[in-house]
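Single-structure report; data block below.
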Amino acid sequence: MDSATQLETIAARWQGSFHNRRQVAAHVARGGPAAPELTREVRTMVVERLQAPQLGAVVLYFQEFRASAPHLAHRQRVVVLRHDPERGAVRAEQLFFRGGPTYDRPPLAASLAADLGPEAFDRHPGCDLFFEAEPALDRFRARMDPGACRYRHPQDGEVCAEFEMLLHPDQLWYRDRSLRLADGSVRGEVDGFSWLLFDRAEAAAGLAEATLPALVRQRGIWRGTFRRYDAEGVLRETFPSTITIRVSQDAGRWLYHQSNLHGTEDAPLRRIEAHGEIHSGRVWFASERYQGWAMDLPGEEPAAGSLLVMHPRDPADPDIHETIRCSPDGRRRWRVSQLLKDGQLVGRTLIDEERLTEEERLTGD
């Protein structure tokens, strides 16, 4: 790969929307500890290419946001990519915004960043990144020269920053820490991760559909009958229902929306709306009264059913555990809900449903 092609490949891979939801979810699923050094916080990153010839021919601009402070750009940087003939490598010159805080800055639109001149930035050549290709792994590795990125911190004195990044076709990894030069101790390390793993949002969205076949295939309009029983198995009420499930994409995310319309024949129809998102192998959703998650029934290939767990917002309401089974042709499904309060069964609900619409008609924005 010649130098011009390599530079453009790096620029293309670096651009896009990324998030680390899968890594955070994996930590939580393993029962990882909650500690200030191990916050495992969801982060999103947007990297855009700027038309800013006053800064360079290939200019990128990134902003990274934390879930705990979505109104601030935790990291906000302009990067100029160019081939360095002396090093025989692509150099990423980091431009630091002059004035204001180094981290947690107010967001700035890319159109405004593109108009800024060289005087708006500070340059620290020791903090530039140099890329090397690792073709066997289909990735590029970028890092600072060891010990080169030094600065003086008001409390910790002389500090050295260490930053390294891996660029895959659909992933961006990085690790970032700073050391106190006085004693070599670690001053800070981002989220306590050895590496932060960001998935490209579009690729992660495709992964959601691939890894949740039963849940995603249940989108559509379902009409059925609810039968509610008490703890002793006595039928208490029967009523019709219409349930609409929509799955859509927005900015690389898979969004979930379920609308329930049901009620007894002698009462007004009742509507319940639940909204959520598909990631980390589950649908996470919430309504006015309940919040919970759903996943495919394990141990079956292909998956033919789902498991739901719902927790009430009001402690007076019961928990709900539900299993769903679909027919092989996807036209019918059968649901069994168990209502539990203080560990005791208080009721069951059986629902038989038939799909009225094709799922493709409900996947729009």
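The values are calculated or read from the model by the stated rules, or taken from the named source; none is laboratory data. Here the structure is a predicted model, which is why all the values come from computation and not from measurement. A quick note on method: Cβ atoms are made from the backbone with ideal geometry, for glycine too, and the neighbour counts reach across all protein chains shown. Ligands, DNA and RNA are stripped out before the accessible areas are found, and what is left, the full protein with its side chains, is counted by its heavy atoms. Shrake-Rupley method; radii C 1.70, N 1.55, O 1.52, S 1.80 Å.
Going by a ≥ b ≥ c, the root eigenvalues of the Cα gyration tensor, does the range 95-142 fall in the rounded group (a/c under 1.5), the prolate group (a/b larger than b/c) or the oblate group? Each step should come with its number before you reach the end.
Values: a/c = 2.50, a/b = 2.04, b/c = 1.22.
It comes out prolate by the Cα gyration axes.
What distance in nm lies between label points placed 7 Å from Cα along the C-beta direction at Phe130 and Thr357?
5.8
Classify the range 81-198: rounded, prolate or oblate, from the alpha-carbon gyration tensor (a ≥ b ≥ c, eigenvalue square roots; a/c under 1.5 rounded; otherwise prolate if a/b is larger than b/c)? Don't jump to the answer; show the numbers that get you there.
Details: a/c = 1.44, a/b = 1.09, b/c = 1.32.
Since a/c stays below 1.5, the shape of the range 81-198 is classed as rounded.
Hey, if we sort Met165, Met295 by accessible area with the 1.4 Å probe, largest down, what's the order?
Values: Met165 5, Met295 50 Å².
Final ranking, largest accessible area leading: Met295, Met165.
Using a 1.4 Å probe on the protein heavy atoms only, what accessible surface does Thr9 show? Give it in Å² to the nearest 10.
40
Just need the relative contact order of the chain here, percent rounded to a whole number, with Cα pairs under 8 Å and 6+ apart.
On the way: 827 pairs, mean separation 40.1, N = 365.
Across the chain, relative contact order equals 11 percent.
Rounded to the nearest 20 debye, what is the charge dipole size of the chain about its Cα centre when +1 sits on each Lys and Arg Cβ and -1 on each Asp and Glu Cβ?
Working: 48 positive and 55 negative charges, 67 e Å.
Computed about the Cα centre, the dipole is about 320 debye.
Order Arg75, Arg227, most accessible first, counting only protein heavy atoms with a 1.4 angstrom probe.
Values: Arg75 15, Arg227 75 Å².
Solvent-accessible surface, decreasing: Arg227, Arg75.
Which is farthest toward the positive dipole end of the chain among Tyr229, His311, Ala113, measuring Cα position about the Cα centre, with Cβ charges +1 (Lys, Arg) and -1 (Asp, Glu)?
Towards the positive end, the residue furthest out is Tyr229.
What accessible area per residue comes out for the range 65-195, rounded to a whole number of Å², with a 1.4 Å probe?
Working: 6650 Å² over 131 residues.
Result: 51 Å² of accessible area for each residue.
Within the accessible area of the chain, what % is carbon and sulfur when the probe is 1.4 Å and the other protein chains stay in place? Display every interim value, and only then the final one.
On the way: 9850 of 18830 Å².
For the chain, the apolar C and S fraction of the accessible surface comes to 52 percent.
Taking the full set of protein chains and a 1.4 angstrom probe, give the accessible area of Cys326 in square angstrom, rounded to the nearest 10.
30
Ser68 to Glu8: FRET efficiency via 1/(1 + (r/R0)^6), r the Cβ-Cβ distance, R0 30 Å, to the nearest 0.05? Write out the running numbers ahead of the final one.
Details: r = 36 Å, r/R0 = 1.19.
Efficiency at R0 = 30 Å is approximately 0.25.
Where does each of Ser337, Ser3 land when they are ordered by accessible area, with a 1.4 Å probe and the largest first?
Numbers: Ser337 5, Ser3 50 Å².
Largest accessible area first, the residues go Ser3, Ser337.
For the range 1-154, what does the relative contact order come out to in percent, with C-alpha contacts under 8 Å and a separation of six or more?
Numbers: 258 pairs, mean separation 26.0, N = 154.
Rounded, it is 17 percent for the range 1-154.
Over the Cα atoms of the chain, what is the Rg over Rh ratio if Rh follows Kirkwood?
On the way: Rg = 25.9 Å, Rh = 23.9 Å.
That ratio equals 1.08.
Name every cysteine in the chain that ends up alone, with no second cysteine's Cβ under 4.7 Å, or say none.
Within the chain, the cysteines lacking a partner Cβ under 4.7 Å are Cys160, Cys326.
Just want the answer: with Cβ charges of +1 for Lys and Arg and -1 for Asp and Glu, which residue in Tyr290, Gly56, Leu7 is farthest toward the dipole's positive end in the chain?
Projecting each Cα onto the dipole axis, the largest value belongs to Tyr290.
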